[in-house]
Structures are given as C-alpha cells and as structure tokens.
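To start, the structure itself, in structure tokens.
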Amino acid sequence: MRALVVLDGDLLGSDAWLEHLARSADVVIAADGGATKLAKTARRPDLDIGDMDAVSADAQRALERAGAKLERYPTEKAQTDGELALDAAVKRGADEIVVVGAFGGARLDHMAGNLLLLAHEDFAAIDVALVTERTTFRSMVGPGTLELEGAPGDWVTLEPLSEVARRVATDGLRYPLRHEDLFRGSTRGVSNELTDRRGSVELGDGLLLVAITTRRSVASR
C-alpha cells in the first residue's frame with residue numbers, strides 16, 4: 001500500500017506534481033499544516049495528525065466536514081508531527097511511503113530531523129522516500145541492493161547514516177565503487193552520476209542514504 005505523507009515545509013515542486021502524487025496514493029496523511037498544501041489538489045487528507053498549531057479551528061472543522069480524521073496531540077511531545085505521520089502510515093499498513101514538504105521553510109532544524117527519519121529503525125527497512133520534484137532521498141539497509149532509475153547525467157549521492165557503510169558496490173555510475181567502505185562524515189560519495197537510465201547500489205552492511213537528483217529542468221520534463 002502506498003501512502004503519501006505531506007509535511008508543512010516547502011513542496012519544492014509544482015501543483016501538477018503534487019496532484020499526481022496524491023492521486024496515485026492509497027492513503028494521504030498530513031502532518032499538521034501539511035493539510036493546507038493539499039488545498040490546490042482534488043485530494044483531501046484521510047488523516048491530519050499533530051498538535052494542530054498550524055491549522056486554524058475553522059480549517060480543522062472544514063477538514064472534518066470533508067471526511068478527514070483529525071488526530072490531535074499536545075504541543076509538548078516527544079515526536080515531531082512528521083514522525084507521527086510516518087508512524088501512522090506504517091500502522092495503516094503502508095509498505096511504500098512518499099514524503100513531501102520535508103525541506104525548506106523557516107525551520108531548518110525540522111529539515112534535518114526529517115532527513116534523519118530515514119535512519120529510524122521503524123522506517124529504514126521499508127520503502128520511504130523523501131521527495132521534491134527533482135530529488136529523491138531513500139535509505140537502504142545492508143545487506144541489500146537498491147535499483148536506481150533516472151537519466152544519464154543525473155546526480156547520485158551516497159552518504160552513510162551508520163558509522164560505516166561496508167562493502168558498497170555500484171553499477172551504472174560514472175565513478176564506480178567496488179565493495180568499498182564509506183565512512184560517516186566523509187563526502188566521498190557525493191555527486192556521482194548515472195551513465196545510463198538504470199544503475200544500482202549494493203550494500204554489504206550498515207545504513208546508507210541514497211539521493212538521486214535529475215539535471216533536467218522541471219519545464220523540460
């Protein structure tokens with residue numbers, strides 16, 4: 001089951017792109033003010049979860065009239081609204097989660113926290129992608145292989161989320177890795193490139209962040 005989770009950061013994408021993501025999702029979950037990001041689409045959230053400090057009382061009532069469920073939490077809590085939203089998607093049975101609105105905005109600390117959710121043990125072993133219209137972030141747990149899709153010249157970045165990502169091997173990238181170790185804090189894996197439409201990353205052990213960024217302008221797609 002595919003879930004779309006909408007956070008309250010900058011979408012970094014077009015209305016048409018968000019509409020497509022919403023229409024292709026089996027369930028749509030908003031984190032607090034993420035519900036307002038869906039206003040320009042035909043899809044309303046099935047669930048809006050969080051402390052609701054970014055959604056007015058009138059907007060909350062309108063969401064409920066439209067059939068959305070609201071799950072309210074106190075402002076003082078141990079999880080961000082984003083983590084609560086991902087947790088809700090997992091509990092609903094999602095095995096694929098697409099997250100938008102994870103970046104930008106005034107709260108750069110939330111941006112860092114959202115990216116590191118990919119290292120959370122509850123989410124790292126399922127298909128969670130933090131996306132903008134041009135970049136997709138995923139994590140992979142070793143041992144395993146992640147298939148890459150894009151266009152020749154698209155950037156691929158590999159960054160360890162564990163202390164060491166062991167025995168990393170790549171196929172279809174300009175600068176190949178051949179069962180080598182990558183260490184957290186090093187930028188060795190930044191700005192590799194696809195040489196064809198497909199490639200792959202193999203990881204022997206550890207946790208690895210994989211980012212793919214298209215070089216094509218949004219207008220040319």
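The values are calculated or read from the model by the stated rules, or taken from the named source; none is laboratory data. Bear in mind that the values here come from a model prediction, so they are computed numbers and not experimental data. Backbone-built Cβ (ideal geometry, glycine too); neighbour counts: all protein chains shown. SASA here: full protein model, heavy atoms, side chains in, ligands and nucleic acids out. Shrake-Rupley method; radii C 1.70, N 1.55, O 1.52, S 1.80 Å.
Here are the numbers for the structure shown:
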{"item": "Qualifying residue in segment 178-189 (condition: at pLDDT 95 or above, farther than 22 Å from GLY13 by Cβ, open to solvent by less than 20 Å² (accessible area, probe 1.4 Å) and in contact with a Gly (Cβ under 7 Å, 6 or more places away or on another chain))", "result": "yes"}
{"item": "Count of residues meeting criterion [closer than 26 Å to TYR73 by Cα, open to solvent by 70 Å² or more (accessible area, probe 1.4 Å) and within 17 Å of the chain's Cα centre (by Cα)] in segment 11-51", "result": "1"}
{"item": "First in segment 17-43 and more than 15 Å from LEU7 (Cβ to Cβ), second anywhere and part of a helix (DSSP H, G or I) and open to solvent by 40 Å² or more (accessible area, probe 1.4 Å), Cβ under 7 Å, 6 or more apart", "result": "LYS40/ASP15; ARG43/ARG23"}
{"item": "Matching residues, segment 105-145, being modelled with pLDDT under 85 and within 13 Å of the chain's Cα centre (by Cα)", "result": "ALA124"}
{"item": "Residue within segment 131-149 that is among the aliphatic types (A, V, I, L, M), farther than 24 Å from ALA25 by Cα and touching a strand residue (DSSP E or B) at 6+ places or on another chain (Cβ under 7 Å) present", "result": "yes"}
{"item": "Segment 120-157 - residue that is part of a strand (DSSP E or B) and open to solvent by 60 Å² or more (accessible area, probe 1.4 Å) and, of those, nearest to VAL100 (Cα to Cα)", "result": "ARG138"}
{"item": "Some residue of segment 65-81 being in contact (Cβ under 8 Å) with a residue 24 or more places away in the chain, surrounded by 22 or more Cβ atoms within 10 Å (Cβ to Cβ) and either within 24 Å of ASP127 (Cα to Cα) or not polar (S, T, N, Q) (or both)", "result": "yes"}
{"item": "Among residues of segment 5-21, those that are outside any loop (DSSP other than H, G, I, E, B), acidic (Asp, Glu) and in contact with a Lys or Arg (Cβ under 9 Å, 6 or more places away or on another chain), counted", "result": "2"}
{"item": "Residues of segment 52-62 classified as open to solvent by 40 Å² or more (accessible area, probe 1.4 Å) and either over 23 Å from GLN79 (Cα atoms) or in a loop (DSSP other than H, G, I, E, B) (or both), total", "result": "6"}
{"item": "Segment 178-203: number of residues that are within 17 Å of GLU147 (Cα to Cα) and touching a residue at least 12 places away in the same chain (Cβ under 8 Å)", "result": "14"}
{"item": "PRO160 being in contact with a Leu (Cβ under 8 Å, 6 or more places away or on another chain), open to solvent by 40 Å² or more (accessible area, probe 1.4 Å) and over 22 Å from ALA94 (Cβ atoms)", "result": "no"}
{"item": "Hits in segment 85-103 - residues which are exposed (fewer than 15 other Cβ atoms within 10 Å of the Cβ) and either in a helix (DSSP H, G or I) or on the phi > 0 side of the Ramachandran plot (or both)", "result": "LYS91, GLY93"}
{"item": "Breaking point among (1) closer than 24 Å to LEU11 by Cα; (2) open to solvent by 50 Å² or more (accessible area, probe 1.4 Å); (3) part of a strand (DSSP E or B), for MET111", "result": "(3)"}
